[in-house]
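The values are calculated or read from the model by the stated rules, or taken from the named source; none is laboratory data. Please read these numbers as outputs of a predicted model, since none were measured by experiment. All Cβ positions, even for glycine, are placed from backbone atoms using ideal geometry, and neighbour counts span all protein chains on display. These accessible areas exclude ligands, DNA and RNA; they are computed on the full protein's heavy atoms, side chains included. Shrake-Rupley method; radii C 1.70, N 1.55, O 1.52, S 1.80 Å.
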Amino acid sequence: MLKRFIFSSVTDSMDSDINLASLQLTCPICDQSSKRLFRKDSFWIRGCDRCGHHFTEQQPTAKNVSKIYDGQYFQGDGAGYIDYLAEADLLQRLGQYYADKLQYYLVPGTVLDVGAAAGFILKGMIESGWRGEGLEPNPRIAEFCQQQLGQKTTVGTLEELQTKERFDLVMMVQVIQHFYNLKLALHAASVATKPGGYWLIETWDRSSPLARIRGRNWHAYTPPSRSHWFAPPDLEQLIAQFGFQEIARGNPNKWMDGPYRKSVLRYQFMDKAWGKPLAQGLNLIPDRLATPYLGGDIFWALYQKAV
Ligand SMILES: [Zn+2]
């Protein structure tokens, strides 16, 4: 909820600032030519002619990103905060889920959680035996993570990370699609990973049946807050450029709370004639009811760095 809230709340402020964005015409993964696929809101989505990667023509800059993270979350009447705490349990459960998955491949060690938000996923990992710290661009949220949860949290983006620490695992759950400089960010992540260490990445799957059926109306196409849409092969190709190889992949067992589920469903079907009755029906779902997310359009993958 927290990351979602931040990214959904900034679209307007970024629109007016789009002249600050840099233009990306070649593929940011393989540097080959690309073409415009469709326009979403006022942004062109391009597709690589070679690897198929989708990306926005106007890429955000560091200045845009600082606006994104400009901490509106803990301001106001606190309604968002209450929503977020309601989802804390789900995020913690996700951390435990990933810790369970990882135990087949590595023993718990040190983890850097990139885009840690308030640290609940990290908390789930720590409860499963990991020692961790967070990296979070929003200073207010980082402070919450540090004070309330007692987890060391560095304020900043991955692109600007400078640390002497070398981690067993760098975790990037739902963040890679937001990086303003993909290769700079992953270079920093690579430097912060021990030889033989791992990356766990979770992101949207552009090649999933749901994404293909929905086409340009797929709910994950939300520029400019997201600027990259991967499929497992093009992500693997990108990661290989940093000396990592994929060793496992799957679809996460995610849970959603009532409000988020409703907003996703409304967005998915608002162009249908029966969208309105559906929306009315959705109001009957209790907000506190957590239900499994069955979209199948999210994947995780584990990559290992060469020794
Ligand atoms: Zn490409």
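Observations on the structure shown:
- Elements of type helices (runs of 4 or more DSSP H) in region 207-307, at least 3 residues being at pLDDT below 95: 209-214, 258-269, 275-282
- On the stretch given as region 100-122, residues that are in contact with a strand residue (DSSP E or B) (Cβ under 9 Å, 6 or more places away or on another chain) and surrounded by 19 or more Cβ atoms within 10 Å (Cβ to Cβ) total 12.
- Positions within region 183-199 being within 16 Å of Q162 (Cα to Cα) and open to solvent by less than 20 Å² (accessible area, probe 1.4 Å), in sequence order: A185, L186, A188, A189, S190, A192, T193
- If you go through region 1-59 and keep only what is farther than 25 Å from A116 by Cα, open to solvent by 70 Å² or more (accessible area, probe 1.4 Å), at pLDDT below 90 and charged (D, E, K, R), you end up with just D41.
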